[in-house]
């Protein structure tokens, strides 16, 4: 009997997880999250439905893993060095990070937005996730504005909560137009412009 080392087992697990999440992403873009099945994910990835169930447990677990892959890894990579950032630095770094993702990982962003906009159509699982996701995002942006007001980088006359909501609204507007009309709408250009707008609008 062949004994597989723990490191080799971990490598195989990570490889199969990547393949399953990639297959799920493809299916989301092709037919939507609601109609995606574990059997289809397993078949697309070259594994069994049982493996998909064992790895994620449910669609709830699958959506959490997909979001972590797209958003969590991006956040850890792009927004890790915050200790010496002002509030305005955080907001502009956030927009710049989205610009880089649109330039280098357009597919990942398209999967994220496809899931978001499918939630509007009544898929309860997605609605629950993205309702909380956007509440947290608005809170994070508003906190950055308030931090900027405290450190002197953001105008104190502004309403932090309203400006935080504005940032999220603008970002989602860019995403919607890009998802709808990618051939005629340039997301990186729009994000670059949004960066300049925020500096002029918020900067003290």
>> Just to be sure I understand the filter: pairs with C-beta atoms under 6 Å, separated by 6 or more residues or on different chains, first member in the range 147-168 and outside the structural domain of residue 87 (by TED's automatic domain parsing) and at pLDDT below 95, second member assigned to a helix (DSSP H, G or I) and buried (at least 17 other Cβ atoms within 10 Å of the Cβ). Which pairs pass?
In response: none
> Quick one: in the range 151-204, which of the residues that are in contact with a helix residue (DSSP H, G or I) (Cβ under 7 Å, 6 or more places away or on another chain) and part of a loop (DSSP other than H, G, I, E, B) is surrounded by the most Cβ atoms within 10 Å (Cβ to Cβ)?
Replying inline: 153
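Being surrounded by 16 or more Cβ atoms within 10 Å (Cβ to Cβ), assigned by TED's automatic domain parsing to the domain that holds residue 116 and either touching a strand residue (DSSP E or B) at 6+ places or on another chain (Cβ under 7 Å) or part of a helix (DSSP H, G or I) (or both) narrows it down to one of 62, 20, 27, so name that one. Don't jump to the end; show me each part of the working.
Numbers: 20 fails: assigned by TED's automatic domain parsing to the domain that holds residue 116; 27 fails: assigned by TED's automatic domain parsing to the domain that holds residue 116.
The match here is 62.
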> Restricting attention to the range 87-107, and to residues there that are in contact with a helix residue (DSSP H, G or I) (Cβ under 6 Å, 6 or more places away or on another chain) and surrounded by fewer than 18 Cβ atoms within 10 Å (Cβ to Cβ), which single residue is farthest from residue 28 (Cα to Cα)?
Replying inline: 97
>> The conditions are (1) assigned to a helix (DSSP H, G or I); (2) under 17 Å from the mean Cα position of the chain (by Cα); (3) touching a residue at least 12 places away in the same chain (Cβ under 8 Å); (4) farther than 30 Å from residue 161 by Cβ, and residue 33 fails exactly one of them. Which is it?
In response: (1)
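Return yes or no: is residue 75 in the same structural domain as residue 129 (by TED's automatic domain parsing) and in a helix (DSSP H, G or I)? If you could, list the steps in order and put the result at the bottom.
Numbers: in the same structural domain as residue 129 (by TED's automatic domain parsing): yes; in a helix (DSSP H, G or I): yes.
Considered against the rule, which asks whether it is in the same structural domain as residue 129 (by TED's automatic domain parsing) and in a helix (DSSP H, G or I), residue 75 comes out as yes.
The values are calculated or read from the model by the stated rules, or taken from the named source; none is laboratory data. Keep in mind that this is a model prediction, so the values were computed, not measured. Ideal geometry is used to build each Cβ from the backbone, glycine not excepted, and the neighbour counts take in all protein chains shown.
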